[in-house]
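S.K.: Below you'll find the structure I mean.
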Amino acid sequence: MFTVQPKPTFTLDVEIPTPNGPVEIRGTFKHKGRKAMAEFLEGLSKGETTDVEALMDLMVGWEKVDTPFSAEALEQVLDNYPTFGKAILDAYIAATLEGRQVEKNSVKS
């Protein structure tokens, strides 16, 4: 059933590119409405937030990762895997704004 008020969080499987091939993680993300997402994207385009701050604003947790979710862990992942942030953001945008799944990614309620 379609609900007018979405759940505050959702899970999304995201394929992360690595030098050894793609690896899938499952992230738990905050739902953002149209206005909140526009503000978020505007802040990104103006460079008002760091990559870690931006991802902390979208994510609340992850699975299939060997380290508990935290800002420090995100910082380390972004340093070790430079494409991580783009993969997360692309999957999030596709799932929330385009209402579709990214290839190899799946949206779960």
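Every read-out reported here was derived from the displayed coordinates using simple, explicitly stated rules and does not represent laboratory data. These numbers come from a predicted model, not from an experiment. Using ideal geometry, Cβ is built from the backbone for each residue, glycine included, and neighbour counts are taken over all protein chains shown.
S.K.: Among 33-43, 78-88, what's the highest-first ranking by average C-beta atoms within 10 angstrom per residue?
M.R.: 78-88, 33-43
S.K.: Would you check the stretch 10-108 for Lys pairs whose C-alpha atoms are within less than 24 Å, ignoring same-chain pairs closer than 8 in sequence, and give me the count?
M.R.: 19
S.K.: Divide by every residue of the chain the summed helix terms, -39500 (n - 2.57) for each DSSP H run of at least 4, and state the resulting mean residue ellipticity at 222 nm, rounded to the nearest 500 deg cm²/dmol.
M.R.: -12000 deg cm²/dmol
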